[in-house]
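Note sheet for the following structure.
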Amino acid sequence: MKNWFQNIGPGPLVAAAFIGPGTVTVCTLAGVNFGYALLWAMVLSVIATIVLQDMAARLGIVSQKGLSQVIREEIKNPVLRALSIILILSAIVVGNAAYEAGNISGGALGLESLVGHQTLNLFHYKVSAIPWILGFLSFVLLYLGKYRILERVLVGLVILMSLAFLSTAILTEPEVLSILKNMLVPQFPEESILTIVALVGTTVVPYNLFLHASLAKTKWKTNSAIGSARKDTILAVVLGGIVSMGIIISAAAIKTDNISNAADLALALEPLFGTNAKYFLSIGLFAAGLTSAITAPLAAAYVASGCLGWAANLKSRRFRAVWMFILGLGVIFSSVGFKSIEIIKFAQVANGLLLPIIAGFLLWVMNKRAVLGIYINSKFQNILGLIILVITIFLGLKGILSVFDLI
């Protein structure tokens, strides 16, 4: 255990990135609408995430390059390379800019449940103050440009988030045998298919693959660290999955349809299980929002640097310019309540296209000895990768079709 803490790396940051307000909301609705029945979908999500993130981390360590840089170098056809870079920049940079307001708003929702709604005067307009506080915290942490500090703060927030959501789940006195059964036996309740897809889709996300590869090469410089990286990934993603299941279990304790997010859930749990349930959930939502508000701009900066051939240095001007732009947009849009539906729809389409393409590219490049030498995929890893590729194609199609209200 001591060695693991010494070697703790990007894994918890990846968990911090995928457990954002969106994941909290999807898990809340899954629990409210279907009880424990969809816990198996989270188990599937965890397995798929571990397989893909392990590949991304191994690629980063062995090649000492980010995923976007490898794509730029390994796709030789200039047209395909240009199209790939445009798609990646659209999905990750534009997408994270569109979603950043949601990350900050989600964290603000949790904090407001604890301290109440606070406002400030900005150019003679009253705006919510909490998003600016979250934005300031994120700015300071990213501007310091110290990977070790960033890592430790995010690990601390993940632990805080884990304790908050798991404590809430325990307070609801769940049925342990029923939980275990629903984790292992797939069920498809009526009208549950979109929620199942959403649970998998909110865990297996494209930008985490880019983030993990970049952070892994920053953290580890020798191939001997692959074993440590794998343990780090498995422990962190499993913990993230347990946290997500804790939210589902907490939400399953409420028998009402008037809940749309974790803040509503916190208020609904209070009369049944006391104020502790409300406080735990609010703290968890705050931590989930803050971690995603930090990791989304960070991932976008790594992606832009790799695609455009910039130095992926936490202190470089270009790197900082990207995350500042995304963080700034998120703070402004969340504080004034602005939500650009068209930009979000564009980002959903781009991400829907990107997920299967990146999963396919990752599977392809993980079999190239010119890039990885003896560390290429095994047959078993390729079989798992192909199964997950099929799942990502389905997820991508669902994301695109949902934008056009076709499903």
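Under the simplified labelling scheme, the I159-K315 pair shows an inter-label distance of 2.7 nm, with each label point 7 Å from Cα along Cα→Cβ. When the solvent-accessible area of the chain is split by element, carbon and sulfur atoms take up 67 percent of it, the probe being 1.4 Å. Need one word for segment 10-142: rounded, prolate or oblate. Basis is the Cα gyration tensor (sqrt eigenvalues a ≥ b ≥ c); a/c below 1.5 gives rounded, then a/b vs b/c decides. Oblate, since a/c reaches 1.5 and b/c is not below a/b.
Compared with the direct C-alpha span, the chain from E74 to R230 gains 53.7 nm at full extension, assuming 0.36 nm per residue. If only the Cβ of Lys and Arg carry +1 and only the Cβ of Asp and Glu carry -1, the dipole of the chain around its Cα centre is close to 1820 debye. Computed from the C-beta positions of V115 and V336 and an R0 of 22 Å, the FRET efficiency is 0.65 to the nearest 0.05. First measure r as the distance between the Cβ atoms of I242 and R148, then evaluate 1/(1 + (r/R0)^6) with R0 = 22 Å and state the FRET efficiency to the nearest 0.05. Once the sixth-power term is evaluated, E becomes 0.25. Maximal additional length on extending the I193-K221 stretch stands at 5.8 nm, based on 0.36 nm per residue less the C-alpha distance.
The modelled label-to-label distance for the pair I86/I170, using points 7 Å beyond Cα in the direction of Cβ, is 5.3 nm. Under the membrane-span-like helix rule (DSSP H runs whose alpha carbons stretch at least 24 Å along the helix axis, mean Kyte-Doolittle hydropathy 1.0 or higher), the chain yields 39-63, 147-171, 226-252, 275-308, 317-336, 341-365, 379-403. The residue among V115, S214, V51 whose Cα reaches farthest toward the positive pole of the charge dipole of the chain, with charges on the beta-carbon of Lys, Arg, Asp and Glu, is S214.
Each helix, a run of at least 4 DSSP H residues, gives -39500 (n - 2.57); summed and divided by the residues of the chain, these come to -25500 deg cm²/dmol at 222 nm.
Which pairs break 18 Å Cα to Cα here: K65/K219; K219/K315; K146/K315; K65/K221; K65/K217; K76/K219? Correct reply: K76/K219. Computed from the C-beta positions of N367 and K181 and an R0 of 25 Å, the FRET efficiency is 0.10 to the nearest 0.05.
The values are calculated or read from the model by the stated rules, or taken from the named source; none is laboratory data. The structure displayed is predicted, hence computed values, not measured ones. Reconstructed Cβ throughout: ideal geometry from the backbone, glycine too, with neighbour counts over all protein chains shown. Accessible surface areas use protein heavy atoms only, side chains included; no ligands, DNA or RNA. Shrake-Rupley method; radii C 1.70, N 1.55, O 1.52, S 1.80 Å.
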